[in-house]
Amino acid sequence: MGVKWKHFKTICKHKMVVYQECKSCGILWQGITHDLSKFSAIEFFASAKHFQGNRSPIEAEKEACGYSMAWLHHKGVNKHHWEWWTDFDNNGNIIANKMPSKYVIEMVCDWIGAGKVYSNAKWTQDEPLNYFNKVRKGRYFHPETEKLIVYFLEIIRDKGLDEFHKVCQQGYPLLTDYDGEYIP
């Protein structure tokens, strides 16, 4: 089977898991439109070239080229990536803007989807929090966004995906306070 076909199947598998997670969280549109840019020429062909099947081809492209054109495009058009919400102040310092909750939820669903696709049967409900703790030092989140992420990931770790879905669907004081009103 050709590498482009394998990459296409991996994208579809990831999109399906994220769709199911988003739907269960009550953000169906986010699930439908999630990562459609991966089918664009700039993302698809660069990622197919660096496809390995057990991790993101973005990381392989960065290792090979020092950067990833696919990633530069992807993070710029997908609001569920924290990078979309960052900017620079006049002194060159990074400003992390607060992400709307629907994109925070989609981001968590994306991490679940990536974990399930790349880890296969080895995925556990601790994996999203473990992943976040592994990468969070080099990422820039608004303090309230980071608090919401940790809250969601601890729910998943301690109570499972069903409870995470329930919290997202029904809203709760932290989410209402976060957005000012509950808008999934």
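The values are calculated or read from the model by the stated rules, or taken from the named source; none is laboratory data. Everything numeric in this text was worked out from a predicted model, so none of it was measured. A quick note on method: Cβ atoms are made from the backbone with ideal geometry, for glycine too, and the neighbour counts reach across all protein chains shown.
Worth a mention:
- LEU161 under 24 Å from ILE11 (Cα atoms) and either of a type in the set (Ser, Thr, Tyr) or surrounded by 15 or more Cβ atoms within 10 Å (Cβ to Cβ) (or both): yes
- As a summary of the residue check, PHE39 satisfies the conditions (1) surrounded by fewer than 19 Cβ atoms within 10 Å (Cβ to Cβ); (2) within 29 Å of HIS165 (Cβ to Cβ); (3) modelled with pLDDT under 90 except for the one numbered (3).
- Selection count where residues are among the polar types (S, T, N, Q), touching a helix residue (DSSP H, G or I) at 6+ places or on another chain (Cβ under 8 Å) and in a helix (DSSP H, G or I), scope region 110-151: 2
- Taken over region 60-75, the criterion of being under 14 Å from LEU36 (Cβ atoms) and surrounded by fewer than 18 Cβ atoms within 10 Å (Cβ to Cβ) is satisfied by HIS73 alone.
- Residue check, MET99 without any contact (Cβ under 8 Å) to a residue 60 or more places away in the chain and buried (at least 20 other Cβ atoms within 10 Å of the Cβ): yes
- Considering residues of region 42-57 that are among the aromatic types (Phe, Trp, Tyr) and at pLDDT 90 or above only, the residue farthest from GLY115 (Cα to Cα): PHE45
- Region 147-170 residues that are touching a residue at least 60 places away in the same chain (Cβ under 8 Å), paired with ones that are of a type in the set (Gly, Ala, Ser) (beta carbon under 6 Å, 6 or more apart): HIS165/SER24; CYS168/GLY26; GLN169/GLY26
- Condition met for GLU154 (under 21 Å from CYS22 (Cβ atoms), touching a helix residue (DSSP H, G or I) at 6+ places or on another chain (Cβ under 8 Å) and either at pLDDT 90 or above or buried (at least 17 other Cβ atoms within 10 Å of the Cβ) (or both)): yes
Yes/no per residue for (1) in contact with a Leu (Cβ under 9 Å, 6 or more places away or on another chain); (2) not charged (D, E, K, R):
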| site | (1), (2) |
| --- | --- |
| THR86 | no, yes |
| ASP89 | no, no |
| MET107 | no, yes |
| GLN125 | yes, yes |
| ARG139 | no, no |
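- Top-ranked residue in region 18-32 [being surrounded by 14 or more Cβ atoms within 10 Å (Cβ to Cβ) and either modelled with pLDDT under 95 or in contact with a Cys (Cβ under 7 Å, 6 or more places away or on another chain) (or both); ranked as farthest from GLU61 (Cα to Cα)]: GLY26
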